[in-house]
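Trainee: Here you go, one structure.
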Amino acid sequence: MNWTWYAARAGGFVAWGLAAASVALGLALSGKVFRRPRPAWTMDMHRFLGGLAVIFTVVHVAAVMMDQYVSFGLRQVFVPLASTWHPVAVAWGVIAMYMLLAVELTSLARRHIPRRLWRQVHLGSFVLFGTSTIHALTAGTDTAAGLGMLGVVLLATAVIALMARRISGPSPSPQPAVEHAPARVDVSRRVEQVA
């Protein structure tokens, strides 16, 4: 085996773990797992994990295309069911990649698109998690190994538990982040109190 096969395996496994961790943290944020007000870093971490998932997905796809063991071209990595190697398993990965891109791109454009659109696309994170997990279990070679399977089981259990808590709990209200900016002083009130 050459380095591209190892890069493809590692890139895919790390991309899945980062996406799953981002989904878990997103569910924790929306499901009121954190105390109020939630720490400001939690949203930054959620965004960071999602961004890294995109980067490692690119590493995964590029390495798969460079690898000589299975011939993957643009059509095989961008069109579901176009692959001759485990076509259904690869299709789950292609769908997951599109879901990841949709969630990440709309998140980057969040301030410029309607909130309802952003929310509907962001709910696709559940589809992303499901399809990427199926892809990892059916196409991935590392999930059959003890530690790989343990990682999948642990992260999947966390996501499912947070998802159940989110679904069974009350509808979340927007949660303000802790700001680290200095408090503003209302000068007009101070002047009235002095006078």
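Trainee: Could you please find all residues in segment 93-116 being open to solvent by 70 Å² or more (accessible area, probe 1.4 Å), over 13 Å from residue 50 (Cα atoms) and out of contact with any helix residue (DSSP H, G or I) (no Cβ under 7 Å at 6 or more places or on another chain)?
Mentor: Correct list: 98, 111, 112, 114, 115, 116.
Trainee: Of the residues that sit in segment 14-46 and are more than 13 Å from the chain's Cα centre (by Cα) and aromatic (Phe, Trp, Tyr), which one is modelled with the highest pLDDT?
Mentor: Across segment 14-46, the extreme among qualifying residues is 41.
Trainee: Anything in segment 132-185 that is touching a Ser or Thr at 6+ places or on another chain (Cβ under 7 Å), at pLDDT below 80 and under 24 Å from residue 98 (Cβ atoms)? List them, or say none.
Mentor: 166
Trainee: Listed residues 121, 59, 70, 79; which is in contact (Cβ under 8 Å) with a residue 24 or more places away in the chain and β-branched (Val, Ile, Thr)?
Mentor: 59
Trainee: Residue 25: closer than 20 Å to residue 132 by Cα, in a helix (DSSP H, G or I) and free of Cβ contacts under 8 Å to residues at least 60 places away in the same chain, yes or no?
Mentor: Judged against the criteria, residue 25 is a match.
The values are calculated or read from the model by the stated rules, or taken from the named source; none is laboratory data. Source: prediction; values computed, not measured. Note: ideal-geometry Cβ built from the backbone for every residue, glycine included; neighbour counts use all protein chains shown. Accessible surface areas use protein heavy atoms only, side chains included; no ligands, DNA or RNA. Shrake-Rupley method; radii C 1.70, N 1.55, O 1.52, S 1.80 Å.
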